[in-house]
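Have a look at the structure below, then the notes.
The values are calculated or read from the model by the stated rules, or taken from the named source; none is laboratory data. Note that the structure is a prediction, hence the values are computed from the model and not measured. Every residue, glycine among them, receives a Cβ derived from its backbone with ideal geometry; neighbour counts consider all protein chains shown. SASA here: full protein model, heavy atoms, side chains in, ligands and nucleic acids out. Shrake-Rupley method; radii C 1.70, N 1.55, O 1.52, S 1.80 Å.
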Amino acid sequence: MKVIVLGAGIVGVTSAYQLVKAGHEVTVVDRQPGPALETSFANAGEVSFGYCSPWAAPGIPVKAMKWLFMKHAPLILRPKLDMAMLSWMARMLSNCTSERYAINKSRMLRLADYSRIALADLRAETGIAYDERMQGTLQLFRTEQQLDASAKDVKALAADGIPYEVLDRDGCIRFEPALRHVRDKIVGGLLTPKDETGDCFKFTNALAAKAEALSVRFAYGTTIKALDVEAGRVRGVITDRERMSAEAVVVALGSYSPLLLAPLGIRLPVYPVKGYSLTIPITDASRAPESTVMDETYKIAITRLGDRIRVGGMAEISGYTNDLGLARRSTLEYSVTDLFPGGDISKASFWSGLRPMTPDGTPVIGPTKVAGLFLNTGHGTLGWTMSTGSARLIGDLVGGRQPEIDVRDLAISRYG
């Protein structure tokens, strides 16, 4: 078939690659001049197959109130008269129960583990290099309360057969030797050894080149105006340059997906939650992390990417704004220098991106009420982690094949 993929981030490019491998004629449309120039550009670098949890969790409403008054808060809320924001927040709060958390976490782990297999296969098939490491994620606890609270995640990991290890202070230092300089600041950690790290921007660009060599057409610098729908079936895409015809369209536009779908009466509960990152050159390897350390107190990931450290995190709910707040930079700097002192943060580059979040934390993958129109969006902070598995699912669904894992509860129909 003729298939158009909307979006050239990590989710769109992996989707296009899988679709062209399946024999389809594929075009990717993006407003940017190249791939991975928005949310995929400078994310935290985690590929978190085991460390993936819904933000909507028991106790989050109470924690959120405390965070609003913290200097280095993991959550920043800038409320406004925006019905999409208010509706999304209400739905998220409704998911902050033990029952909903267990359901949503299980969905995420299922897709993440499937993506682990898909990424390994893709890496073996293509030979792509992207500063990858396969050394796990260490969720680092500064208090006994945090360590005790990790029991619910341990339970979910065990139930889904995901490897994990609960570590004491010395165990954390064995895993990440540079933490010996701050041993008194930590009490323990949760290690998910199958997690990986890597530069999402490098990966996406390398895979886009592979896809282009397989005949995928990339229409960069092209603004998407509307979906062309006739008699309940998608017929193509209208852009500022041309009308493109297609038999199937995959929407992988991240936070902007709901805006394109709304005129069709498709209510997609995805809202932008802004994250920030610093990229810091490594000046002393003995004081740098070996893999990813997740600072549980500030919800900040500190990841080694080749000769750099990527420090990413925070959740700012402020709509479609992408300004760089200096207070957010201060929080990133505080976390990394507190755990890994000695680096030169004066040479750091500062970035922000809009993560496409669903209220339950699970992406939306599958068909819509419009025939031939598919969604692959809403991955939140886990687009890099879940991209390859999501792409495989989209390849199967577009081609009319039975996916290898259950996808019924990933579809937009779960929202009614």
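Yes or no: Arg329 open to solvent by 10 Å² or more (accessible area, probe 1.4 Å), out of contact with any Lys or Arg (no Cβ under 8 Å at 6 or more places or on another chain) and charged (D, E, K, R)? Answer is yes for this residue. For the condition without any contact (Cβ under 8 Å) to a residue 40 or more places away in the chain and either β-branched (Val, Ile, Thr) or assigned to a helix (DSSP H, G or I) (or both), what is the one hit in Leu167, Leu207, Leu259, Leu179? So the residue among Leu167, Leu207, Leu259, Leu179 that is without any contact (Cβ under 8 Å) to a residue 40 or more places away in the chain and either β-branched (Val, Ile, Thr) or assigned to a helix (DSSP H, G or I) (or both) is Leu259. Close Cβ contacts (under 8 Å, 6 or more residues apart or on different chains) running from residues in the stretch 58-69 that are surrounded by 11 or more Cβ atoms within 10 Å (Cβ to Cβ) to residues that are polar (S, T, N, Q) comprise Pro58/Thr97; Pro58/Ser98. The residues listed here are Ser48, Ser53; of these, the one that is more than 15 Å from Thr197 (Cα to Cα) and under 20 Å from the mean Cα position of the chain (by Cα) is Ser53.
Name every residue in the stretch 94-121 that is in contact with a Pro (Cβ under 7 Å, 6 or more places away or on another chain) and either open to solvent by 20 Å² or more (accessible area, probe 1.4 Å) or assigned to a loop (DSSP other than H, G, I, E, B) (or both), in order of residue number. Selection gives Asn95, Cys96, Thr97, Ser98. Screening the stretch 185-210 for residues that are small (Gly, Ala, Ser) and within 15 Å of Tyr130 (Cβ to Cβ) and picking the one that is surrounded by the fewest Cβ atoms within 10 Å (Cβ to Cβ) gives Ala209. Residues of the stretch 1-41 that are surrounded by 24 or more Cβ atoms within 10 Å (Cβ to Cβ) and in a loop (DSSP other than H, G, I, E, B): Gly7, Ala8, Gly9, Asp30, Pro35, Ala36, Thr39, Ser40. Here Ala124 does not qualify as open to solvent by 20 Å² or more (accessible area, probe 1.4 Å) and in contact (Cβ under 8 Å) with a residue 12 or more places away in the chain.
Scanning the stretch 187-199 turns up no residue that is at negative phi and assigned to a helix (DSSP H, G or I). Checking every residue in the stretch 82-93 against the condition of being surrounded by 15 or more Cβ atoms within 10 Å (Cβ to Cβ) and either part of a strand (DSSP E or B) or among the aromatic types (Phe, Trp, Tyr) (or both) gives at least one match.
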